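The values are calculated or read from the model by the stated rules, or taken from the named source; none is laboratory data. Nothing here was measured: the structure is a model prediction, and the numbers come from that model. Counting neighbours? That spans all protein chains shown, and the Cβs are built from the backbone with ideal geometry, glycine included.
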Amino acid sequence: MLRIRLRRVGAKKNPSYRIVVADAKSPRNGRFVENIGTYNPHATSAEAVNLQEDRAFYWLGVGAQPSDSVARLFKANGTTERFEAIKSGRPVEAAAEEAAADA
């Protein structure tokens, strides 16, 4: 089973994270399939999460499950709502335009 989860990078006591798609059994900083974004918890602006939403939509569509922390980031970023809209039949282009308008 594939998971969308955080991979820790950065200096000691100053973490930043990559949002990656990895096998559920691989270690936290082990092998991964694809890097789809970054998360900086120390960022003061809305740019804390940089995400390739089209790749996130693809992996969610093929069955990858987000971890609890990534699901929280997706919900705060609006990615979950846009993915649900795509699943319900709205075109991908409309969701991408909405994502660009939110940014």
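Taking the residues in the range 12-26 that are surrounded by fewer than 19 Cβ atoms within 10 Å (Cβ to Cβ) and of a type in the set (Ser, Thr, Tyr) as candidates, determine which candidate is modelled with the highest pLDDT. The selected residue is SER16.
State all residues of the range 25-53 that are within 10 Å of the chain's Cα centre (by Cα) and among the acidic types (Asp, Glu); if no residue qualifies, say none. The answer is GLU53, and nothing else.
Checking each residue in the range 1-11 for being more than 14 Å from VAL70 (Cα to Cα) and either surrounded by 13 or more Cβ atoms within 10 Å (Cβ to Cβ) or at pLDDT 95 or above (or both) picks out only GLY10. Looking at the range 40-52, can you tell me whether even one residue there is at pLDDT 90 or above, part of a helix (DSSP H, G or I) and either polar (S, T, N, Q) or in contact with a strand residue (DSSP E or B) (Cβ under 9 Å, 6 or more places away or on another chain) (or both)? Checked the range 40-52: no residue is at pLDDT 90 or above, part of a helix (DSSP H, G or I) and either polar (S, T, N, Q) or in contact with a strand residue (DSSP E or B) (Cβ under 9 Å, 6 or more places away or on another chain) (or both).
Evaluating ASN29 against the criteria (1) polar (S, T, N, Q); (2) part of a loop (DSSP other than H, G, I, E, B); (3) at pLDDT 90 or above leaves one unmet condition, (3). Taking each residue of the range 22-35 that is closer than 16 Å to PRO66 by Cβ and looking for partners that are aliphatic (A, V, I, L, M) and at pLDDT 90 or above with beta-carbon atoms closer than 6 Å, six or more apart or interchain, yields ALA24/MET1; PHE32/VAL20; PHE32/ALA22; VAL33/VAL21; GLU34/VAL21; ASN35/VAL20.
Considering only residues of the range 1-21 that are assigned to a strand (DSSP E or B) and free of Cβ contacts under 8 Å to residues at least 24 places away in the same chain, which is farthest from ASN77 (Cα to Cα)? Across the range 1-21, the extreme among qualifying residues is ALA11.
Applying the selection to the range 53-78, what residues are among the basic types (Lys, Arg) and either closer than 12 Å to ARG5 by Cα or part of a loop (DSSP other than H, G, I, E, B) (or both)?
From the range 53-78, those among the basic types (Lys, Arg) are 55, 72, 75; that's our starting set.
The one that is among the basic types (Lys, Arg) and either closer than 12 Å to ARG5 by Cα or part of a loop (DSSP other than H, G, I, E, B) (or both): ARG72.
Taken over the range 1-59, residues that are in contact with a helix residue (DSSP H, G or I) (Cβ under 8 Å, 6 or more places away or on another chain) and of a type in the set (A, V, I, L, M, F, W, C) amount to 10. Among the residues making up the range 64-82, a single one is among the β-branched types (Val, Ile, Thr) and over 14 Å from GLY37 (Cα atoms): THR80.
Is it fair to say VAL9 is of a type outside the set (Asp, Glu) and in contact with a Ser or Thr (Cβ under 9 Å, 6 or more places away or on another chain)?
yes
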